Amino acid sequence: MASLNVGNLGEYLREQRRAAQLSLRQLADATGVSNPYLSQIERGLRKPSADVLQQVAKALRISAETLYVRAGILDEREREELETRAVILADPSINERQKNVLLQIYDSFRRENGFAPGPDTDADAGAGVQADARASADDGAGSDAGGDAGTRDGDDAGAGTTKDQDPHS
């Protein structure tokens, strides 16, 4: 759903709930948050926790990060970065090592442009995988791909070939 131009979090939530064609009671049932509490949030009387916002976002099928920004919990730049990371991590067409390398490259470009690296970079991957990703990123993306290709050639060569054997033996 496109972001609506509304004044505050409560108004935004009300508009998103109406766009999803949910009553306040239906949203309360879907989130596990009480109907009166949701009503108070929509009217701007309560500031919900990040956990409540996450439940509401899930029920409304909208980005929790967008709600965090509207609630003042998260900066807009942080939201954009988190969404970029989420897209990379959710891509089923690339493996975990490739995802980690992409995130390392992304962080290096952010640092180069004066931004801090992403939050919990080491928490997203094991320390060993992260170190491998750093080494791959430092060596350049092409050298990592070349290293993999060489390994595959060696594996495909089989025991009967003399590719890696000493020619003098």
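We did not get these values from a lab; they are worked out from the coordinates using the rules stated. These figures come from a predicted structure and were not determined experimentally. Reconstructed Cβ throughout: ideal geometry from the backbone, glycine too, with neighbour counts over all protein chains shown.
Annotation: amide H of Arg46 within the under-5 Å range of Ile41, sequence separation 5 or more or interchain, hydrogens built in the peptide plane. If R0 is 30 Å, the Cβ-Cβ spacing of Gln26 and Ser93 corresponds to a FRET efficiency of close to 0.25. Extending 7 Å from the Cα toward the beta-carbon at both Ala19 and Ala50 defines two label points whose distance is 2.4 nm. Modelled spin labels at Ser108 and Tyr37, positioned 7 Å past Cα toward Cβ, are 4.6 nm from each other.
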